[in-house]
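Inspection log for the structure reproduced underneath, given as structure tokens.
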Amino acid sequence: MTSGTATARRRSNSGWRRALAPRSAGVVYALVALVLALTITSSVQSRPSYLSSVNVSNILDQASLTGILAIFMTVVLITGNFDLSVGSTAALAGTVALKLIDHYGALIALLAALLTGVLVGLINGVLVQKVGVNAFIVTLGTLTAVRGVVQAVLNGQSITATDTVFEKFETARWTMPEGIAIVGGILLIAAGVLLTVRTRLRQLTAGNVMLVGAGVAFLAIGAFRPLLLNETVPVWIMIVLAVITSLVLRYTVVGRNIYAVGGNPEAARLSGINVDRYKMTAFVVNGFVAAGVGVLYAGKFNSVDPTLLTGSELTVIAAAVLGGTSLFGGSGYVTKSVIGTLILFTLSNGFNVLNIGSNYQNVVQGSVLVAAAAMYTATSARGGGLIASALARRRKAEPELPPATATVPEDQSAANTPQMTSAPQSD
């Protein structure tokens, strides 16, 4: 009985260590360290507080659209694929929306834009899963082709819509009541604690840590920083989609199947899971969401041009990688991808606030991305195995010292040496 209790305690402690290890919570540590560094630097330079409600709201608003794309890019990456065409898809959807809104109204324009995204996602999914073309080649091709369609439709010029429905929606702000924020924070903390207690051996998981962390954040904001409860619509959309997608991935059969098809497609197929359907659906949903982001981005300025969202797909993938999502499939958390997005935009905002030249921004962001990828690789099971095998090879390559022996006088060595007899040779 005592040994069983000790074993359970050791396993529970190992659960805590895994949940709080750099592999699981490193992106959170990185964001906290970055914010602290920028806050201290701003204070030393006698600048306004970096954590002012206005500045934090600006960072959230700037990161919201990329964060939405990162959520569903993470789903695609979990299935073992990736999509380079999200930026072009969003640009085409925004172009379609602004082209149609003045003639057919906002509803028709929105539906046409969303259907455009679904069509691009379906083309990607069919070519990758049914035809068997590599996802990198397919989405790189659709990135170029769709961007060409945008340039052809716009004829190299920007357009502006007269109807401002999309602009009003994108720039609208909604304030969450303080009471709801406090109650919601308490419920999230309680849910995280309850799930931890109900699990076998009471092991803490990364998902439960995220629940408790989100609850603490809402509770603190509602109690001490209520101005942060007044955010733009895209910020709330990002938060809601992150929560819903996280719950689906973690607590539903669909979510478990998504991880299965990305981790081991052949085993998933033998288990009766329709691998092609899940992977194609991920492409289609990603195209749908990219189209919605394109409409929001076009509404932000009520204008589009041929360079709209050029290169944004790389930022989205970088945010997912910063969040620890594997490029090989089967691993990833959408909440961490959102935090990765916040890191990228916090860096950019910090450079602007501190008046640091833009020439260094890409250098620092690229270095952060490489460092994060290296850390996740080194702390993963695969990376740990590679490091261990490399050390074993190094130890094996080192010459071994001969064992120490007593000195034998020359006159006794021949006498004490046993005589060897030759064995008979076989034919």
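The values are calculated or read from the model by the stated rules, or taken from the named source; none is laboratory data. The structure displayed is predicted, hence computed values, not measured ones. Positions of Cβ are backbone-derived with ideal geometry, glycine not excepted, and every protein chain shown enters the neighbour counts. Side chains included, ligands, DNA and RNA excluded: accessible areas come from the protein's heavy atoms. Shrake-Rupley method; radii C 1.70, N 1.55, O 1.52, S 1.80 Å.
Data overview
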read-out	value
Failed criterion for ARG9 (all others in (1) over 18 Å from TYR333 (Cα atoms); (2) at pLDDT 85 or above hold)	(2)
Flag if THR139 is at negative phi and part of a loop (DSSP other than H, G, I, E, B)	no
Answer from GLY222, GLY215 - the residue that is open to solvent by less than 30 Å² (accessible area, probe 1.4 Å) and either without any contact (Cβ under 8 Å) to a residue 40 or more places away in the chain or acidic (Asp, Glu) (or both)	GLY215
Any hit, the stretch 163-179, residues being crowded, with 16+ Cβ neighbours inside 10 Å and among the hydroxyl-bearing types (Ser, Thr, Tyr)	yes
Condition met for ALA70 (of a type in the set (Gly, Ala, Ser) and under 23 Å from ALA319 (Cα atoms))	yes
Residue check, THR160 β-branched (Val, Ile, Thr) and at pLDDT 95 or above	no
In the stretch 323-371, the residues that are under 14 Å from the mean Cα position of the chain (by Cα) and outside any helix (DSSP H, G or I)	GLY323, GLY324, THR325, SER326, LEU327, PHE328, GLY329, GLY330, SER331, GLY332, TYR333
Checklist (1) assigned to a helix (DSSP H, G or I); (2) open to solvent by less than 60 Å² (accessible area, probe 1.4 Å); (3) of a type outside the set (A, V, I, L, M) applied to GLU231, failing item	(1)
Lone unmet requirement of (1) under 30 Å from LYS99 (Cβ atoms); (2) assigned to a helix (DSSP H, G or I); (3) in contact with a helix residue (DSSP H, G or I) (Cβ under 9 Å, 6 or more places away or on another chain) for TRP174	(2)
Any chance ASN355 is exposed (fewer than 10 other Cβ atoms within 10 Å of the Cβ) and either modelled with pLDDT of 75 or more or touching a Gly at 6+ places or on another chain (Cβ under 7 Å) (or both)	yes
Test: residue in the stretch 184-197 that is surrounded by fewer than 17 Cβ atoms within 10 Å (Cβ to Cβ) and not in a helix (DSSP H, G or I)	no
Yes/no for THR95 being assigned to a helix (DSSP H, G or I), touching a strand residue (DSSP E or B) at 6+ places or on another chain (Cβ under 8 Å) and among the polar types (S, T, N, Q)	yes
Residue that is farthest from the chain's Cα centre (by Cα) [pool: residues in the stretch 179-216 that are modelled with pLDDT of 85 or more and under 30 Å from GLY299 (Cα atoms)]	ILE180
Inter-residue pairs, beta-carbon under 7 Å, first more than 21 Å from ALA63 (Cβ to Cβ) and free of Cβ contacts under 8 Å to residues at least 24 places away in the same chain and in the stretch 281-297, second open to solvent by 10 Å² or more (accessible area, probe 1.4 Å) and assigned to a helix (DSSP H, G or I), 6+ apart	none
Selection within the stretch 298-317 - assigned to a helix (DSSP H, G or I), of a type outside the set (Val, Ile, Thr) and surrounded by 24 or more Cβ atoms within 10 Å (Cβ to Cβ)	ALA298, GLY299, GLU313
Residues that are open to solvent by 20 Å² or more (accessible area, probe 1.4 Å) and either within 11 Å of LEU31 (Cα to Cα) or not small (Gly, Ala, Ser) (or both), drawn from the stretch 321-337	VAL321, LEU327, PHE328, TYR333, THR335
Single residue of the stretch 116-139 satisfying the filter (open to solvent by 70 Å² or more (accessible area, probe 1.4 Å) and in contact (Cβ under 8 Å) with a residue 12 or more places away in the chain) that is nearest to the chain's Cα centre (by Cα)	PHE136
Residue within the stretch 63-75 that is open to solvent by 20 Å² or more (accessible area, probe 1.4 Å), in contact with a helix residue (DSSP H, G or I) (Cβ under 6 Å, 6 or more places away or on another chain) and not hydrophobic (A, V, I, L, M, F, W, C) present	yes
